[in-house]
Structures are given as C-alpha cells and as structure tokens.
1. Can you go through 49, 58 and tell me which one is assigned to a helix (DSSP H, G or I), small (Gly, Ala, Ser) and surrounded by fewer than 10 Cβ atoms within 10 Å (Cβ to Cβ)?
2. Would you please name the residue that is nearest to residue 34 (Cα to Cα), looking only at residues in segment 61-93 that are among the acidic types (Asp, Glu) and either more than 27 Å from the chain's Cα centre (by Cα) or surrounded by 10 or more Cβ atoms within 10 Å (Cβ to Cβ) (or both)?
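Where a number appears in this text, it was derived from the coordinates with a stated rule and is not lab data. In this text, all values refer to a predicted model and were calculated from it rather than measured experimentally. Using ideal geometry, Cβ is built from the backbone for each residue, glycine included, and neighbour counts are taken over all protein chains shown.
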Amino acid sequence: MFEKGKSGNPGGRPKRTAELAAKISEMDDALRVRLELIATQGEHRDSVAAIKLLWAYAHGNPTQPISGPGDGPIQVEAVDALEALRAIAKAGV
C-alpha cells in the first residue's frame, strides 16, 4: 500500500491558501464595514462566523496568551523518564 521512503503527497499542500489570503486582504475595508453593521445592528448572526474565518485566513488568528499560577511564567520541570518509570514500578502503581 505505502512504499517505504516515498511521500504520499509528493506535490505538497496546494498553494491556494496564499491566493485566498491575498484576495481576502483586498476586502479588508468591506469586512470592517460589515463587522460594524453586525456589531451595531445585532443581526446577521450566521455571517459572524464566516467573517471571522475570512479574517483569520487573511491575518491569522489572534495569539492566545498562556501563563502559570498567579499569571506568572509557566514552570517546566525536567524529568528523567527512566527514573520516573522506576519510581512508579517501585511504588506498585
């Protein structure tokens, strides 16, 4: 079925996304006007999801900040996997 060492998609991903992003970027002003109408009139609820999707294609999704306890930095602890497995086996878990 699959040959070892041979890609299942030799051509790679189609280049359509860059073209779509360029076309949507040209529509920025129209999208802004449409968003203003939706926000002020409270109608066209189904359009909101489509506009958000189009905006994301053109500009990317907003970043999602993450933080640790108390809005501080995330704490990362290096763990020796073999030592952790031995401790689990010794504990009989």
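1. 49
2. 80
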